[in-house]
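Okay, so here's the structure we're looking at.
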Amino acid sequence: MLTPAQVQTFAQTAERLAGSVGSVVLGKPEVIRLALTALFAQGHVLLEDVPGVGKTTLARALASSIRGQWRRIQFTPDLLPSDVSGVTIFNQASRGFEFHPGPVFANVVIADEINRASPKTQSALLEVMEERRVTVDGVPHPVPQPFLVVATQNPVEMDGTYRLPEAQLDRFLVKLSVGYPDEEVEIEVLRGAAGRSPDTLEPVTDTATVGELAATALGAHIADPLYAYAVRLAAATRNHKLVRVGVSPRGVIALTRAAAAHALINGRGYVLPEDFKALVGPVFAHRLMLSSEAQLRGVTADEVLADALREVPVPLPDKQHLPAVP
């Protein structure tokens with residue numbers, strides 16, 4: 001069980017990170033909080049939105065705030081898998097093969113416009129997103145920790161793009177949309193556009209601390225009824241008449257890990273049903289494959305998840321949800 005000091009340290013560090021990122025990504029506290037949830041849950045983020053709303057800025061600000069190394073990969077149709085993961089080259093001087101790491105070897109990897117690359121190139125991220133390593137010529141190479149992939153894609157411009165396959169989508173812990181800022185925030189952006197940049201941010205923590213906090217998140221208390229609640233929510237999507245493929249077990253694991261990090265960010269060492277409710281959309285929606293009937297009727301994944309939340313009873317808020325007091 002986590003101590004109050006561990007919970008307090010976690011929440012305070014998350015608050016400082018949110019403030020740092022929020023100083024350059026204005027007016028989007030919930031998006032920032034969900035991105036931090038993915039970071040501490042050791043997951044990855046898919047940002048789907050129109051150009052120019054701050055998707056790349058969010059990723060760069062996060063990397064600067066944790067004193068992490070970041071790399072940006074511009075996905076294009078001619079990009080090769082080796083351009084992402086790296087390649088083994090024969091060294092004439094040493095008379096041996098040497099591995100030259102690709103841009104995926106960083107703490108924060110920005111996969112810009114990921115859907116513009118071919119499925120073959122997209123698949124270069126499958127292993128590293130799941131196992132935190134790249135295997136080239138049969139030799140595994142671990143990537144730096146913590147490791148976060150922030151991929152972006154434009155949902156409007158579809159010419160010259162490839163739809164992300166389900167296996168790739170399932171690797172992302174959350175799918176988020178930054179959205180347009182409101183009028184006051186946009187005016188504030190214009191006032192400080194010249195001087196507000198992720199490059200100007202001072203780190204508020206380091207990668208070693210983030211790694212420790214990610215390990216701490218694994219210790220958040222989740223009562224058995226809440227595990228059952230997560231499983232039943234996933235089962236409700238699998239049994240929905242308008243869903244062709246529901247949420248996988250990996251998706252349920254993602255929801256519980258995200259809920260644990262979300263609870264700690266909010267200053268709790270234990271998970272409540274409200275954590276699941278707040279995360280079920282970002283974690284589950286992109287994992288659903290709707291039926292052709294749903295597509296014809298214009299039914300969205302969020303509507304299916306709303307049905308699941310109404311259908312599945314919420315565990316009663318009694319002492320079984322709380323850890324024992326030492």
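A few points about this structure:
- Filtering 264, 288 for residues that are crowded, with 21+ Cβ neighbours inside 10 Å and modelled with pLDDT of 95 or more leaves a single hit, 264.
- Qualifying residues in the stretch 194-214 (those that are closer than 15 Å to residue 58 by Cα and of a type outside the set (D, E, K, R)) - the one surrounded by the most Cβ atoms within 10 Å (Cβ to Cβ): 198
- Candidates 237, 205, 209, filtered to the one that is farther than 18 Å from residue 55 by Cα and in contact with a Phe, Trp or Tyr (Cβ under 8 Å, 6 or more places away or on another chain): 237
- For beta carbons closer than 8 Å, sequence separation of 6+ or different chains, a first residue in the stretch 11-29 that is farther than 15 Å from residue 59 by Cβ and a second that is of a type in the set (Phe, Trp, Tyr), the qualifying pairs are 14/40.
- Residue count, the stretch 82-125 (criterion: touching a Gly at 6+ places or on another chain (Cβ under 9 Å) and not in a strand (DSSP E or B)): 12
- Checked against the criteria, residue 190 does not count as at pLDDT 90 or above, assigned to a helix (DSSP H, G or I) and among the aliphatic types (A, V, I, L, M).
- No other residue among 93, 117, 111 is within 23 Å of residue 47 (Cβ to Cβ) and over 18 Å from the mean Cα position of the chain (by Cα) apart from 117.
- Residues that are assigned to a helix (DSSP H, G or I), among the acidic types (Asp, Glu), within 15 Å of the chain's Cα centre (by Cα) and surrounded by fewer than 22 Cβ atoms within 10 Å (Cβ to Cβ) occur in the stretch 30-47; there is at least one.
Listed here are the residues, each with its yes/no results for (1) hydrophobic (A, V, I, L, M, F, W, C); (2) assigned to a strand (DSSP E or B).
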| residue | (1), (2) |
| --- | --- |
| 140 | no, yes |
| 163 | no, no |
| 167 | yes, no |
| 178 | yes, no |
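- Enumeration of residues in the stretch 48-81 that are crowded, with 22+ Cβ neighbours inside 10 Å and without any contact (Cβ under 8 Å) to a residue 40 or more places away in the chain: 73
- Only listed residue being within 30 Å of residue 78 (Cβ to Cβ), of a type in the set (A, V, I, L, M, F, W, C) and either surrounded by 13 or more Cβ atoms within 10 Å (Cβ to Cβ) or assigned by TED's automatic domain parsing to the domain that holds residue 33 (or both), chosen from 242, 176: 176
- Selection of the stretch 221-250 for residues being modelled with pLDDT under 95 and under 20 Å from the mean Cα position of the chain (by Cα) yields 246, 247, 248, 249, 250.
- Among the residues of the stretch 291-326, the one identified as within 14 Å of residue 245 (Cα to Cα), loosely packed, with under 12 Cβ neighbours inside 10 Å and either at pLDDT below 90 or of a type in the set (S, T, N, Q) (or both) is 292.
The values are calculated or read from the model by the stated rules, or taken from the named source; none is laboratory data. Quick caveat, the model's predicted, so the values are computed rather than measured. Counting neighbours? That spans all protein chains shown, and the Cβs are built from the backbone with ideal geometry, glycine included.
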